[in-house]
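A.B. asks: Sharing a structure here in structure tokens format.
Just so you know, all these numbers are worked out from the coordinates, no wet-lab data involved. Everything numeric here is computed off the predicted structure, so don't read it as measured data. Note: ideal-geometry Cβ built from the backbone for every residue, glycine included; neighbour counts use all protein chains shown.
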Ligand code: 5AD
Ligand code: SF4
């Protein structure tokens, strides 16, 4: 090959890699300090153009790929640019801002998609098969959601959980409404998140009024997909919070085996949990749910039932992970399951439900802090969550010891995740290329 052609090729390659590096850098730590909204917006979601509107449903185009999203918060017309998350239009953006973001993503998507294709060539075991199916069915997108753990008080006594009310060794905290709103503000405006989970133990201190105030204020100041993870509440509470602007619920049913459920969640019944999840879905919430792996007495058949039960609820995303023994709980003596069980469960879920979104949970990462997230993403998972709880509270949300990412600063964690996604050819966005 003539030397000049070779040099030109090398130049083009280096420009492309430089662009990728720059985008990921922007998405990572540097972004934390960056105020330019068009750069922020590139990170975890990309804008699309509305090409069709039918009642309050918009068909949104992303580089030729079309997705439907419900627009509850805005009047939408053909030609508008929007950010959508979890099937909901969460923000309208100006054309100029949208074009900038779309331009910046265009080539990068192709580059990432190529890496993903290269990494999904082999199909020698169920994890590799699952990973290939993941790419074929959902593309290379990887949702990145933030989570704010705003209270570690809980009125329940689940036998596995460090937040259980009988655990007297835990220092308890509750964030004020103002602090919760300002943590969300930081996550949305400074870190670029488009979907936030608000999680706590089941803590009645936050009554309807307080919860609605949080949801309303966040939606007024920083429209974002709000996912509630606040446990079993009155259906009227969930209706109010839906009316205030929340659109997602994260609530695991923990195990689909009714007798294990009642044993490990004393005073609670599986039917009630499943029925609540069904009612929340009927209100219009998008549901994230799943189960624990490694509960004593759980069989392989139970796990298969857990996978099927999660899917039967029409979830938007699977969230399951290993039980990590907590020394301050009655299940202190059990062993965490091997990571292979978790990875194979991810792979099986993907193979049975190839279109699904499957979260890499923090407990999974805790089993192998260095490699589990990568292994899970290569076994069929395609979503990650980043803890954006103010750092002073993170160690107190002590579900189990040695939680992955504990001790890491939020900015470091974001750059770890972005670096990992980049290395695997995943677009840190709800949209990807198949
Ligand atoms: N190990 C792993 N996950 C746990 N959870 C609670 N305790 C533990 C533990 N020891 C999970 C439960 C709950 C979620 C908030 O945390 O599945 O739904
Ligand atoms: Fe409370 Fe949830 Fe922990 Fe059970 S698992 S004790 S409901 S925080």
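A.B. asks: Length gain on complete extension for the stretch residue 136 to residue 396, per 0.36 nm per residue less the alpha carbon to alpha carbon distance?
C.D. replies: Values: separation 260, 0.36 × 260 = 93.60 nm, distance 4.02 nm.
In short, 89.6 nm is gained.
A.B. asks: Could I ask something else about it? Provide the FRET efficiency to the nearest 0.05 for the residue 259-residue 235 pair, computing r from the beta carbons and using R0 = 41 Å. All intermediate terms of the calculation are to be shown ahead of the outcome.
C.D. replies: On the way: r = 26 Å, r/R0 = 0.64.
After rounding, the FRET efficiency stands at 0.95.
A.B. asks: In terms of the Cα gyration tensor, with a ≥ b ≥ c the square roots of its eigenvalues, is the stretch 262-380 rounded because a/c is under 1.5, prolate because a/b exceeds b/c, or oblate? Present the calculation step by step, with values, prior to reporting the outcome.
C.D. replies: Values: a/c = 1.83, a/b = 1.11, b/c = 1.64.
Oblate, because a/c is 1.5 or more while a/b does not exceed b/c.
A.B. asks: Here's another thing I want to ask about it. Add -39500 (n - 2.57) for each DSSP H run of 4 or more in the chain, then divide by its residues: what number comes out at 222 nm, to the nearest 500 deg cm²/dmol?
C.D. replies: -13000 deg cm²/dmol
A.B. asks: Can you tell me the orientation of helix 300-312 relative to the chain, as the angle in degrees between its alpha-carbon axis and the longest Cα principal axis, to the nearest 10?
C.D. replies: Here the helix axis deviates by roughly 70 degrees.
A.B. asks: Still on this structure: Hey, could you grab the Kirkwood Rh for the stretch 353-415? Inverse mean 1/r over distinct alpha carbon pairs, Å, one decimal.
C.D. replies: That comes to 12.5 Å for the stretch 353-415.
A.B. asks: As I understand it, the value is the acute angle between the Cα axis of helix 3-27 and the longest principal axis of the Cα atoms of the chain; what does it come to in degrees, rounded to 10?
C.D. replies: 30 degrees
A.B. asks: Antiparallel as a % of all DSSP beta bridges within the stretch 35-156, to the nearest 5?
C.D. replies: Just about 95 percent of them are antiparallel.
A.B. asks: Where a ≥ b ≥ c are the square roots of the eigenvalues of the C-alpha gyration tensor, would you call the stretch 393-434 rounded, which needs a/c under 1.5, or, failing that, prolate if a/b is larger than b/c, or oblate?
C.D. replies: Prolate.
A.B. asks: Dividing the Cα convex hull volume of the chain by residue count, how many Å³ per residue is that? The partial results should precede the final answer.
C.D. replies: Details: hull volume 61.3 nm³, N = 434.
Convex hull of Cα atoms, per residue: 141 Å³.
A.B. asks: Is the C-alpha gyration tensor of the stretch 70-162 telling us rounded, prolate or oblate? Criteria: a/c under 1.5 is rounded; beyond that, a/b larger than b/c is prolate, otherwise oblate.
C.D. replies: Here the stretch 70-162 falls in the oblate category.
A.B. asks: Using alpha carbon centroids, what distance separates the stretch 328-376 and the stretch 77-133, in Å?
C.D. replies: With the stretch 328-376 and the stretch 77-133 each reduced to a Cα centre, they are spaced 25 Å.
A.B. asks: Residues in the stretch 245-272 near a label at residue 313, defined as backbone nitrogen under 14 Å from the 7 Å Cα→Cβ point?
C.D. replies: Flagged as within label range: 248-258, 261, 269-272.
A.B. asks: Which FRET efficiency, nearest 0.05, do residue 332 and residue 299 yield, Cβ-Cβ r, R0 25 Å? Numbers along the way, then the final one.
C.D. replies: Numbers: r = 22 Å, r/R0 = 0.90.
Using R0 = 25 Å, I get an efficiency of 0.65.
A.B. asks: Would you mind giving the average projected area, over all directions, of the Cα convex hull of the stretch 177-316 in nm² with one decimal? Mind dumping the intermediate values first?
C.D. replies: Values: hull surface 35.1 nm².
Across all orientations, the stretch 177-316 yields a mean hull projection of 8.8 nm².
A.B. asks: On a full-extension model of 0.36 nm per residue, what is the gain between residue 115 and residue 351, subtracting their alpha-carbon distance, rounded to one decimal in nm?
C.D. replies: 82.8 nm
A.B. asks: To test your reading of the geometry: what angle, between 0 and 90 degrees and rounded to tens, separates the Cα axis of helix 410-423 from the longest principal axis of the chain?
C.D. replies: Relative to the chain, helix 410-423 is tipped by roughly 60 degrees.
A.B. asks: Let me ask something else about it. So if we plug the beta-carbon distance of residue 406 and residue 282 into 1/(1 + (r/R0)^6) with R0 = 56 Å, what FRET efficiency do we get, rounded to 0.05?
C.D. replies: After rounding, the FRET efficiency stands at 0.90.
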